[in-house]
Structures are given as C-alpha cells and as structure tokens.
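> Got a structure for you, written out below as structure tokens; questions coming shortly.
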Amino acid sequence: MRRKILDILCCPVCKGDLTLSVAEENEKEIIEGVLTCNACRVDYPIHDGIPNLLPQNTCE
Amino acid sequence: MEHDPAQVYTPADDTFLLLDAARQEARPRDSVLEIGTGSGYIAGELRKAVRRVVATEINPHAAASAREQGIDVIRTDLFAGVRGTFDLIIFNPPYLPTAPEERIGDWLEYALDGGISGREVIARFLSGAGRVLAPGGRILLLISSLTGLPNVTGIAFEEKYYAEVVRDQVVEGERLYVIRLKRNGKS
C-alpha cells in the first residue's frame with residue numbers, strides 16, 4: 001500500500017479517520033501494518049501490501 | 001500471499017467491452033475508482049490514460065493479483081473503506097441471476113453471483129455510489145441482458161441517475177451492455 005492512498009481510506013463502518021501504524025515498509029510502499037479506527041476501536045490490518053478494510057467482526 | 005489464479009476472474013468479453021468504453025470515457029485529469037477490479041486488468045490499462053486509478057476488491061486472491069500489476073488496491077466491499085470523490089467510477093459487477101442452490105461457495109462467486117435477480121449487488125452499488133462520485137462525475141457499469149437492462153436503468157433512475165447505453169455486444173446467447181450514468185440535475 002502506497003502512502004499516497006491513505007487520504008482516500010476510511011473506516012468501512014463509520015467512515016471516520018484511520019490512524020496508520022507501520023510495521024514494515026520499503027522504499028515503495030507499506031507492506032505490513034495496522035489502520036486503526038479510534039471511534040470504533042477496531043484495527044484493520046495491512047498485510048502483504050494490501051489494506052484490509054472489511055468489517056473485522058464478520059470477516060473470515 | 002500465495003494467491004490461487006483459479007479463484008480470480010479471467011478477463012473475458014465483458015472485461016474487454018468495459019475497457020473499451022472506459023478508454024473512450026477517461027480523461028487525462030480524471031481520478032478513477034474501479035470497484036471489484038478482479039485481476040486488475042482494466043485498472044492497469046487505464047492507469048496510463050488518467051491522473052490516478054484506485055481499485056477495490058473483496059476477493060483476497062484477486063486483490064493480490066491486482067497488486068502484482070502495481071495497482072493501488074484496497075480489500076473492501078464495494079467502496080465501504082473508501083472516501084473522497086472520483087470523477088469516474090468503473091464497475092463490472094456480479095450480474096448473473098443465481099439461485100441459492102446454484103451457489104458454488106468459492107471466491108469466484110463474488111465475481112459472478114448477482115443474487116436471485118442478478119441485480120442485488122448493482123442495487124447496493126447504485127444506492128451508495130453517490131458518496132464517492134465527484135460532482136459531474138460519471139459511472140460506467142457493465143451488465144447483461146440476463147441482468148435486465150430496463151430493470152437496471154429503472155433502479156438507476158430511482159437513485160437519480162441518467163443512464164445511457166454506450167456499448168453493446170452479443171456474446172453466446174446474451175447481450176452485454178455498458179451503461180454510462182450521471183447524476184440528474186446540476187449536482
């Protein structure tokens with residue numbers, strides 16, 4: 001996930017802001033990390049370079 | 001992630017028809033959102049012609065495939081995890097009428113299964129797309145005669161879009177359509 005798409009991401013449930021925490025990043029993009037919705041108190045993972053913005057209580 | 005190509009929709013006639021329409025529709029300054037990008041084929045081809053392309057995909061195998069093409073892909077349902085507005089939204093939805101007993105229960109189903117009417121995902125899309133569509137923005141939506149052209153344009157009208165058919169092509173017993181949608185009125 002490139003940092004420049006952060007501005008178009010939101011919580012899929014409340015549409016609120018997400019806070020980014022990076023665990024692994026290369027010169028191109030974020031590979032592993034977490035996007036947190038503080039309002040919903042939910043963490044959405046970034047895994048293998050892809051942000052997963054599926055509702056976390058119902059996804060597999 | 002090791003992704004399984006058998007779980008990703010392979011570009012087919014519908015893909016090529018939608019890409020053809022999108023190439024004509026896209027303008028260099030457009031910010032484009034592709035919903036359900038699948039393999040990422042259309043997004044990858046359009047990237048050269050516009051300012052920005054972002055794609056969503058619910059199927060993890062397809063999302064991984066699109067990322068391998070260098071697409072900015074977000075794993076989410078339709079546009080649930082996306083905000084901001086886009087000048088052009090492109091969607092090749094699951095449009096096949098599918099009875100519960102016909103469901104196959106794999107990831108490919110998300111590319112195909114339009115519910116009993118074939119219009120369930122399209123209706124959800126049209127009901128929410130206004131949130132991410134820029135003023136004056138356009139939508140290109142691919143459907144089939146199996147989905148029902150009058151039914152889909154009817155839903156679009158109820159959601160306050162003008163609809164016009166910009167491409168059509170007969171493919172093995174069905175007719176594919178690309179519909180161009182714009183908001184009614186000045187908004």
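> Among the listed residues B:Ala134, B:Ala111, which satisfies the condition of being in contact with a Phe, Trp or Tyr (Cβ under 8 Å, 6 or more places away or on another chain), within 14 Å of chain A (Cβ to nearest Cβ) and hydrophobic (A, V, I, L, M, F, W, C)?
On the way: B:Ala111 fails: within 14 Å of chain A (Cβ to nearest Cβ).
Among B:Ala134, B:Ala111, only B:Ala134 is in contact with a Phe, Trp or Tyr (Cβ under 8 Å, 6 or more places away or on another chain), within 14 Å of chain A (Cβ to nearest Cβ) and hydrophobic (A, V, I, L, M, F, W, C).
> Shifting gears a bit: Residues of the range A:36-58 being facing chain B (nearest Cβ under 9 Å) and at negative phi, which ones?
Taking the range A:36-58 as the starting set, the residues that turn out to be facing chain B (nearest Cβ under 9 Å) are A:44, A:47-55.
Hits for the range A:36-58 are A:Tyr44, A:His47, A:Ile50, A:Pro51, A:Asn52, A:Leu53, A:Leu54, A:Pro55.
> Looking at B:Arg124, B:Arg167, B:Arg131, B:Arg119, which is the one that is charged (D, E, K, R) and under 17 Å from B:Leu19 (Cα atoms)?
Values: B:Arg124 fails: under 17 Å from B:Leu19 (Cα atoms); B:Arg131 fails: under 17 Å from B:Leu19 (Cα atoms); B:Arg119 fails: under 17 Å from B:Leu19 (Cα atoms).
After ruling out the rest, the residue left standing is B:Arg167.
> Condition test on B:Gly81, is it closer than 19 Å to A:Leu9 by Cα, surrounded by fewer than 19 Cβ atoms within 10 Å (Cβ to Cβ) and either at pLDDT 95 or above or of a type outside the set (S, T, N, Q) (or both)? Break it down stepwise before answering.
Values: closer than 19 Å to A:Leu9 by Cα: yes; surrounded by fewer than 19 Cβ atoms within 10 Å (Cβ to Cβ): no; either at pLDDT 95 or above or of a type outside the set (S, T, N, Q) (or both): yes.
The answer is no for B:Gly81.
To keep it simple, each residue is scored yes or no on (1) at pLDDT 95 or above; (2) of a type in the set (A, V, I, L, M, F, W, C).
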site	(1), (2)
B:Gln69	no, no
B:Asp87	yes, no
B:Leu108	no, yes
B:Gly114	no, no
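> May I pose another question? Give me the pairs: first residue in the range B:53-72 and more than 21 Å from B:Gly84 (Cα to Cα) and at the interface with chain A (Cβ under 10 Å from one of its Cβ atoms), second residue of a type in the set (Gly, Ala, Ser) and in a helix (DSSP H, G or I), beta-carbon distance under 9 Å, and six or more apart or on different chains, which are they?
That search, which allows pairs on different chains as well, returns B:Ala66/B:Ala43; B:Ala66/B:Gly44; B:Gly70/B:Gly44.
> Ok, one more. Please count how many residues of the range A:30-57 are touching a Gly at 6+ places or on another chain (Cβ under 6 Å), closer than 19 Å to B:Pro60 by Cα and not in a strand (DSSP E or B).
1
> Still on this structure, I have one more. Would you call A:Val13 at the interface with chain B (Cβ under 9 Å from one of its Cβ atoms), more than 21 Å from B:Ala62 (Cα to Cα) and in contact with a Cys (Cβ under 8 Å, 6 or more places away or on another chain)? Please lay out each step first, then the result.
Values: at the interface with chain B (Cβ under 9 Å from one of its Cβ atoms): yes; more than 21 Å from B:Ala62 (Cα to Cα): yes; in contact with a Cys (Cβ under 8 Å, 6 or more places away or on another chain): yes.
Here the answer is yes, as A:Val13 does meet what is asked.
> Across the range B:8-47, what is the total count of residues that are touching a residue at least 40 places away in the same chain (Cβ under 8 Å) and on the phi > 0 side of the Ramachandran plot?
2
> Next question. May I ask you to list the residues in the range B:143-187 that are surrounded by fewer than 17 Cβ atoms within 10 Å (Cβ to Cβ), assigned to a loop (DSSP other than H, G, I, E, B) and in contact with a Phe, Trp or Tyr (Cβ under 8 Å, 6 or more places away or on another chain)?
Hits for the range B:143-187 are B:Ser145, B:Leu146, B:Asn184.
> Take A:Leu20 and tell me if it is within 10 Å of chain B (Cβ to nearest Cβ), in a strand (DSSP E or B) and more than 20 Å from B:His3 (Cβ to Cβ). First the steps, then the outcome.
Numbers: within 10 Å of chain B (Cβ to nearest Cβ): no; in a strand (DSSP E or B): yes; more than 20 Å from B:His3 (Cβ to Cβ): yes.
Taking the combined requirement at face value, the residue does not satisfy it.
> Condition first: under 18 Å from B:Pro5 (Cβ atoms) and touching a Pro at 6+ places or on another chain (Cβ under 9 Å). Now tell me which residues in the range B:23-74 satisfy that.
B:Gly36, B:Gly38, B:Ser39, B:Tyr41, B:Ile42, B:His61, B:Ser65, B:Val73
The values are calculated or read from the model by the stated rules, or taken from the named source; none is laboratory data. Just so it is clear, the structure is predicted and the values come from calculations on it, not from any experiment. Methodologically, a virtual Cβ is constructed for each residue, glycine included, from the backbone with ideal geometry; neighbour enumeration extends over all protein chains shown.
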